[in-house]
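Beneath this line is the structure, given in C-alpha cells, with notes to follow.
No value in this document is a laboratory result; all are computed from the given coordinates. Treat the numbers as computed from the prediction; the structure is a model and nothing was measured.
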Amino acid sequence: MKRPPGEEPLEFQRRVRHEPTEPEKKLWSALRNRQIADAKIRKQTWLCGYLVDFYCAAAKLVIEVDGDTHAHQQDYDERRTARLESEGFRVIRFSNDDVVRNPDGVVACVREALDPSPSHSAAPSLPQGERGQ
C-alpha cells in the first residue's frame, strides 16, 4: 500500500480524499465505521501504484466508483484491474449512476463480496471418516 514517491501523489491523494464526488460521499456514508459485515474499509488507498476509491484489507477487496470520465479510459481501467487482480485483489466497480439510483443494491453487492465463500473457509471440512488420520 505504498504511495509512489514525490509530492504529487500525496497532494493528489489529499485532494481526492477531501473533495470526493457526490456518489463517493454517498457510498462512503454506507461503508464507513464497519457498517457492512463489520468490515474495516478505507477510502483513497494506494495499491500497486494506483489510488483506489475504497479498500477492505481483510477481504482484499477494492471498490471503485466510476464517473463519466471512465467511459473514455476503459483500456486504462482494464489494465489497472488486471494489475490489482494479479496481486490477489478482487475489484468490483459501480457507476456513479448505480450509487445514486440504487444505493441499496450497491451496498448489497458489497456485502456479498465481503462475505467469505465456503471455498475460502479457514478450516476445510473433511468427510467424517478422514478426520484425525
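A compact table of results
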{"quantity": "Relative contact order of segment 1-91, defined on C-alpha pairs under 8 angstrom at six or more residues apart (%)", "calculated": "22 percent"}
{"quantity": "Pairwise centroid distance, computed over Cα atoms, of segment 31-79 with segment 87-103, Å", "calculated": "8 Å"}
{"quantity": "Karplus-derived 3J(HN,Hα), 6.51/-1.76/1.60, for each residue of segment 95-110, Hz, glycine and proline x", "calculated": "7, 3, 4, 4, 5, 6, 8, 9, x, 5, x, 5, 4, 4, 5, 5"}
{"quantity": "For segment 1-113, share of DSSP beta bridges that run antiparallel, in % to the nearest 5", "calculated": "55 percent"}
